[in-house]
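Okay, so here's the structure we're looking at.
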Amino acid sequence: MIARRLDAYPLPPTHQEHKAEGPQSVRCAVITVSDTRTLETDTGGQTVIVYLTGAGHTVVAREIIPDEPARMRPLLQSLRERDDVDAILLTGGTGITSRDQTYETVSSLLERPLPGYGEVFRMLSFQEIGPAAILSRAVGGLLGRKVLLTMPGSPAAVRLAMEKIIVPELPHLVREARR
């Protein structure tokens, strides 16, 4: 038997090393889906922006639109084509009321769904609010090479998604989406 040196077989990069290869700053579009919010009253969207800018990311587009597929679909398609957008973050419209159509609209556009995003969000949400977490239809995936993630509109849900999932993983997601 021939002895081999361990350094002859380089180890694959660790998860942390792999994540560190993501961009330092991600260019984001922040979309609030609401029939009633304005820039002054949109606490969910403002919370997204605070977390993004606090992490060194840039907000290159900001919109508030009603929960109507005819308005949402063209906006998302135009953001997919923009060279200055890496990620699209939507807040609002993920519930189960008759007006909540974000899940259906976004899901129909995703080219590569990320089911783990919604699963992890609901798991973390369950730890905070219990079984009511099943009412959230947070969804994510790739729209072309753009990361698209939705979250409920409440500031507490936005905080949870941004703090525990999106901010820690966004550069890594963008890196993988670009490959």
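The values are calculated or read from the model by the stated rules, or taken from the named source; none is laboratory data. Quantities reported herein were computed from a predicted structural model and do not represent experimental measurements. Here the Cβ positions follow ideal geometry from the backbone for every residue, glycine too, while neighbour counts run over all protein chains shown.
Suppose we keep only residues that are of a type in the set (A, V, I, L, M, F, W, C) and outside any loop (DSSP other than H, G, I, E, B) within region 85-101. Which one would you say is farthest from ARG37 (Cα to Cα)? Lay out the reasoning, then the answer.
Of region 85-101, the ones of a type in the set (A, V, I, L, M, F, W, C) are 85, 87-90, 96.
If we keep only those that are outside any loop (DSSP other than H, G, I, E, B) as well, we get 87-90.
Values: ALA87: 22, ILE88: 19, LEU89: 16, LEU90: 14 Å.
By that ranking, first place goes to ALA87.
Report yes if VAL167 is in contact with a Phe, Trp or Tyr (Cβ under 6 Å, 6 or more places away or on another chain) and either among the basic types (Lys, Arg) or in contact (Cβ under 8 Å) with a residue 60 or more places away in the chain (or both), otherwise no. It would help to see each step written out before you state the result.
Numbers: in contact with a Phe, Trp or Tyr (Cβ under 6 Å, 6 or more places away or on another chain): yes; either among the basic types (Lys, Arg) or in contact (Cβ under 8 Å) with a residue 60 or more places away in the chain (or both): yes.
When the stated conditions are applied, VAL167 passes them.
Tell me whether region 116-127 contains one or more residues that are at negative phi, touching a residue at least 40 places away in the same chain (Cβ under 8 Å) and surrounded by 18 or more Cβ atoms within 10 Å (Cβ to Cβ). Before you say what the answer is, go through the steps one by one.
Step one: list which residues in region 116-127 are at negative phi, which gives 116-127.
Within this subset, residues satisfying the condition of being touching a residue at least 40 places away in the same chain (Cβ under 8 Å) are 117, 120-121, 124.
When the remaining residues are screened for being surrounded by 18 or more Cβ atoms within 10 Å (Cβ to Cβ), the result is 117, 121.
Yes - at least one qualifying residue is present in region 116-127.
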Being more than 23 Å from LEU160 (Cβ to Cβ) and β-branched (Val, Ile, Thr) is true for just one of VAL33, VAL60. Which residue is that?
VAL60
Kindly list the number of the only condition in (1) more than 17 Å from ALA157 (Cα to Cα); (2) out of contact with any Cys (no Cβ under 7 Å at 6 or more places or on another chain) that fails for VAL60.
(2)
Report yes if VAL26 is surrounded by 14 or more Cβ atoms within 10 Å (Cβ to Cβ), touching an Asp or Glu at 6+ places or on another chain (Cβ under 9 Å), at negative phi and in contact (Cβ under 8 Å) with a residue 60 or more places away in the chain, otherwise no.
yes
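Just one of GLU104, GLU17, GLU21 is more than 14 Å from MET162 (Cβ to Cβ), modelled with pLDDT of 95 or more and not in a strand (DSSP E or B); which is it?
Just one listed residue meets the conditions, GLU104.
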For residues in region 38-58 being in contact with a Lys or Arg (Cβ under 9 Å, 6 or more places away or on another chain) and small (Gly, Ala, Ser), which is surrounded by the most Cβ atoms within 10 Å (Cβ to Cβ)?
GLY45
Evaluation of LEU110 against (1) touching a residue at least 60 places away in the same chain (Cβ under 8 Å); (2) in contact with a Leu (Cβ under 9 Å, 6 or more places away or on another chain) (one fails), failing number
(1)
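Just to be sure before I move on: is ILE31 under 16 Å from the mean Cα position of the chain (by Cα), outside any helix (DSSP H, G or I) and modelled with pLDDT of 95 or more in the structure I sent?
Details: under 16 Å from the mean Cα position of the chain (by Cα): yes; outside any helix (DSSP H, G or I): yes; modelled with pLDDT of 95 or more: yes.
Yes, satisfied.
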Of the residues ARG82, ARG5, only one is more than 22 Å from SER136 (Cβ to Cβ), out of contact with any strand residue (DSSP E or B) (no Cβ under 6 Å at 6 or more places or on another chain) and modelled with pLDDT under 95; which?
ARG5
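Results for (1) farther than 18 Å from ARG175 by Cα; (2) over 14 Å from the mean Cα position of the chain (by Cα); (3) modelled with pLDDT of 95 or more, shown as yes or no for each residue.
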position: ASP86; (1), (2), (3): no, no, yes
position: SER108; (1), (2), (3): yes, yes, yes
position: ARG112; (1), (2), (3): no, no, yes
position: GLY140; (1), (2), (3): no, no, yes
position: GLY153; (1), (2), (3): yes, no, no
position: ALA156; (1), (2), (3): yes, yes, yes
